[in-house]
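The values are calculated or read from the model by the stated rules, or taken from the named source; none is laboratory data. Not measured: the values here are computed from a predicted model. A quick note on method: Cβ atoms are made from the backbone with ideal geometry, for glycine too, and the neighbour counts reach across all protein chains shown. Calculation scope for accessible area: heavy atoms of the full protein, side chains included, ligands and nucleic acids excluded. Shrake-Rupley method; radii C 1.70, N 1.55, O 1.52, S 1.80 Å.
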Amino acid sequence: MKNKPYLINRVIIISSIFSIIIFIEALILCFSKNEILLDLISKFLIVEPIIFLSCMYFLVIVPFREINKVFIAFSKNYTKQDLFELRYGINREHEAMLEELNKILDSNNIIKASKKQAEYLALQNQINPHFLYNTLESIRSEALLGGLPIVSEMTESLARFFRYTISNTDTLVTIEDELDNVNTYWKIQQFRFYDRMALSIDYSDVDEKIIQNTKIPKLILQPIVENAISHGIEPLVEGGIIKIRFLVTATRLIITISDNGVGMDKNTLDKLNNSLRGPRLNFEKNNSNDGSIAMTNVNTRIKLIFGDEYGMCVYSNKNLGTDVEIMLPIGSDKEYEKRSA
Amino acid sequence: MKKEVLRISNATLEEGGITFLNNLNMYITQGEIVGLIARSYLGIFELIKLICQNTPLKYGKVYLNEDLVNTYIYRKKGDNNVFLIDQNSRLIKELTVSENVFVVRKGYKKYVVNIKKLSKQLEGILKELNLSIDPKSAVGNLTTLELYIIELIKAEATGVNLVIIRNISEKLTVSELNKFHDIMKFFANRGIAFLYLANHQDEIFNVCDRVVLYDDGKIVKNLNKEDMNDEYIKLFLKQIKRNSVFNGQKDDKIIQYIDICSNNIKNFNLDIIKGECLSLLGCSPSFIDEFINITNGNLKLKDGKILYNNLGKNVKKYINNSISVIPELPILNGLFHQMSYMENLCFLVDKKIKKSIVSKKYYDSIKIEFKEELGTDIDENKIDKLSATSLYNIVYYRVLILKPEIVFIINPFSGADMYLRIHIAKLIIKLKKEGITIVLLTNQITDVLSVSDRSKWIKAEK
């Protein structure tokens, strides 16, 4: 930040140089009798304003426009990162203010708050986890003793799901762990929906080692699957299918969660994708129950951890399903650990 | 793991208050052939320009070969290393093939050109592709397919990683297109990625690894290999409904071509039945040109004869009054943009009513008759700001007013997006319902078949 060129300094330097030049020229014009010199200065006086305006345009106005674009994007919640990675500064005080703002909008705090919100979203209420596990275990034992294996199985799945969701939200998980949790969640939902829904997880194009070893932020898949069920497939009488696909490029992991549910109209989709452009820093204000809160929450966490170039986008067609594309970097576990510590 | 050749992230592009790209996200990996089917063409031109030339964005970022080249904040100056193959070749016709490939390209700085060496280099590639093109021949002598292939070779020689191919199928026959697809796959295996723009799923499924559906400035669906089937994609695309209203008599032949021979046409036989919609498929541009000129009497036959069965005494008069031609891309080639809607609509109507000055009364009666169907656009004094749908209305309703016996329509669906293609099909059906015999001269199959009563394949101008 300290090495950034300040625009106000440029204005001062350019103005000063030109002021001095004009002063010298004025002195020469007043006191010199050398005709060649006078002729030269009078010619230079014509070119001078053009040089001055060009300097101001390229060295001040163009960079200022660049800064302005970022301010607009920030005000619309499209970016946070770009604001603190500006190539130019306005002045030192302005930079100090931005630094202070960066501390207030500290990613770690927002990530933590966002994680907490993920827990609340999953549970809806704050429940003492140990009390919950113990109670569920008791129900399971009673169900087994009473000869109710399905109830026992349901309870076991529920307990496993809660344990994963509530405990150690600060840690990284492997894709495998996250998929296990999706499967557990799916199992619970199947008791409700039976054969109305199907889940297909396809990572055939991806090296198994990547699935086993690559770490991703916890609870990014299950909320999207939950959304796909409750907003996509549940309204369908005939049921539907959810597909999770993985693709790995040299730098990115792309996870696509598709459903063939009711989809969404253009306006809803545009609104949602606009909210996914940047991290949502005022997430506590969002009380909507349309599923976008889970998506923006996951998106915000990804963007805060990995930067603006990663995150989510949604493709949807009314009555023809929805695809949620999650983009994550490959091989940045250390970075994440550092930031989420 | 494949490198990402192109990544566009949340791109929003606005010009003159119109949003051309709206939060568009897409990516292409190395060696991948990604098909793009556009439901509407709004923003397609801008998307290509964005990828090739880094046009200013309102929001979003563009990465090429994993380097950030364009953001809403700043952009890399100059063109990107992306190759565009369009319908019209960018090769210099007067130069030889090897000169076009190796000399006329960015970064070539040698002052002395060793043509022999370059030709030998090109021969090697051509041999690998099983092609018999002479590297020393002028590009002007090449066929359309050969031109496109040479452009592909040039793309590789230029060292690009991404090639954009836009709607070239409109200029190629089916067999030529298949050959081109094979060559595309060859280059894809060598690491070049392709963004392949076309209108039809059949064409795209044949060659692409992944398909993106585009509509109004954004990607609305990504289709993977397992999703690439007609049943599934038809859910997302509107199709032209199959329509056949032919009620004529099969013996009522309006024109008969008997063993005709000309410069490029050899022993061509064809009967056109009154009231039918006949499609001639696989027509090359040279065939279309010659066929129309022969039918109009502008080109003399070397052999054979044409029978105009409703002929009066004067052949020329019959041809002038009874045969109409709608050219390819009629918005560009068949309208007068400085004239009003009505002037365009009533163009040549003076010949039909055999009066050199058409009275206002006549114009007014046409206006009253068609206002309900054509809407308030009919009152426009300038047609420049009208939609493509409205401009196509002028072209086809003009034929309806002239009511010729037969109309030849050249590549009717060329350059049209999904919505416009459906509209054009409706206009063709309208002409057919009015009893006008229609001959569609084209190399596109899918759309044409849905409006035709009968189709014939043209193979090697026979």
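Given in Å, the Rg to one decimal and the Dmax to the nearest whole number for the Cα atoms of region B:352-462 are 15.9, 50. Here the average projected area of the convex hull drawn through the C-alpha atoms of region B:85-240 stands at 10.6 nm². Across chain B, the convex hull enclosing all Cα atoms gives 177 Å³ per residue. Treating r as the C-beta distance of B:Lys352 and A:Leu37 and R0 as 60 Å, the FRET efficiency rounds to 0.15.
Overall shape: oblate for region A:171-322, with the ratio a/c of the largest to smallest alpha carbon gyration tensor axis at 1.5 or above and b/c at least equal to a/b.
Computing FRET efficiency as 1/(1 + (r/R0)^6) for A:Phe191 and B:Ser455, where r is the C-beta to C-beta distance and R0 is 45 Å, gives about 0.20. For the pairing of chain A with chain B, what total accessible surface becomes buried, with a 1.4 angstrom probe, in square angstrom to the nearest 100? Summed over both sides, the interface buries about 3000 Å². Using the Cβ atoms and a cut-off under 13 Å, what net charge is assigned to the surroundings of B:Arg39, where Lys and Arg are +1 and Asp and Glu are -1? Charge balance in the 13 Å sphere: +3. Taking Lys and Arg as +1 and Asp and Glu as -1, the other residues whose beta-carbon sits under 13 Å from that of B:Glu226 total -1.
When nucleic acids and ligands are ignored and a 1.4 Å probe is applied, A:His231 ends up with an accessible area of around 80 Å². Counting only aspartates and glutamates at least 8 places from B:Lys459 when in the same chain, those with an alpha carbon closer than 16 Å to its own are B:Glu176, B:Asp259, B:Asp289, B:Glu290. Counting only lysines at least 8 places from B:Lys136 when in the same chain, those with an alpha carbon closer than 20 Å to its own are B:Lys93, B:Lys110, B:Lys116, B:Lys117, B:Lys120, B:Lys127, B:Lys154.
Compared with the direct C-alpha span, the chain from A:Phe58 to A:Asp270 gains 72.7 nm at full extension, assuming 0.36 nm per residue. Amide H contacts under 5 Å for B:Ile85: B:Ile164, B:Ile165, B:Arg166, restricted to partners 5 or more places along the chain or on a different chain, H placed in the peptide plane at 1.01 Å from N. Distance from the C-alpha centroid of region B:45-69 to that of region A:203-223: 30 Å, rounded to the whole angstrom.
Please list B:Lys171, B:Lys352, B:Lys433 in order of solvent-accessible area, largest first, computed with a 1.4 Å probe with all protein chains present.
Sorted by accessible area, descending: B:Lys433, B:Lys352, B:Lys171.
For the protein assembly as shown, the solvent-accessible area with a 1.4 angstrom probe is 48 square angstrom per residue. Given 25 °C and 0.890 mPa s, compute D for the protein assembly as shown with the Stokes-Einstein relation, Rh being the Kirkwood radius over Cα pairs; round to the nearest whole µm²/s. Rounded, D is 78 µm²/s. Close amide H pairs (under 5 Å, H built 1.01 Å from N) link B:Tyr59 with B:Thr12, residues at least 5 positions away or on another chain.
Note on region B:292-437: Cα-only Rg and Dmax are 16.2, 51 Å. Here the accessible area is traced with a 1.4 Å probe on the protein chains. For chain B, carbon and sulfur cover 49 percent of it. Each label point was placed 7 Å from the Cα along the Cα-to-Cβ direction; for A:Leu27 and B:Lys185 their separation is 8.1 nm. The calculated Kirkwood hydrodynamic radius for region A:45-106 is 13.2 Å, given to one decimal from all distinct C-alpha pairs.
Kirkwood radius and radius of gyration were both taken over the C-alpha atoms of region B:72-160, and their ratio Rg/Rh is 1.02.
Taking amide H as placed 1.01 Å from N in the peptide plane, B:Gly35 has its amide H under 5 Å from the amide H of B:Tyr196, B:Asp209, B:Arg210, B:Val211, B:Val212, each at least 5 places away in sequence or on another chain.
Counted over all Cα-Cα pairs of region A:1-100, pairs farther apart than 21 Å make up 50 percent.
Rg of the Cα atoms in region B:43-112, relative to 2.2 N^0.38 Å, amounts to 1.38.
Which FRET efficiency value, to the nearest 0.05, is calculated for B:Lys49 and B:Asn141 with the Förster distance at 35 angstrom and r the Cβ-Cβ distance? Result of the calculation: an efficiency of 0.65. Counting only protein heavy atoms and using a 1.4 Å probe, the accessible area of A:Val324 comes to about 10 Å². Pull up the cross-link candidates among the lysines for B:Lys430, meaning alpha carbon to alpha carbon under 24 Å and not fewer than 8 places away within one chain. Candidates past the 8-residue exclusion: B:Lys238, B:Lys241, B:Lys250, B:Lys253, B:Lys274, B:Lys351, B:Lys352, B:Lys367, B:Lys371, B:Lys403, B:Lys456. With a cut-off of 15 Å between beta carbons, the residues surrounding B:Ser89 carry a summed charge of -1, where Lys and Arg count +1 and Asp and Glu -1.
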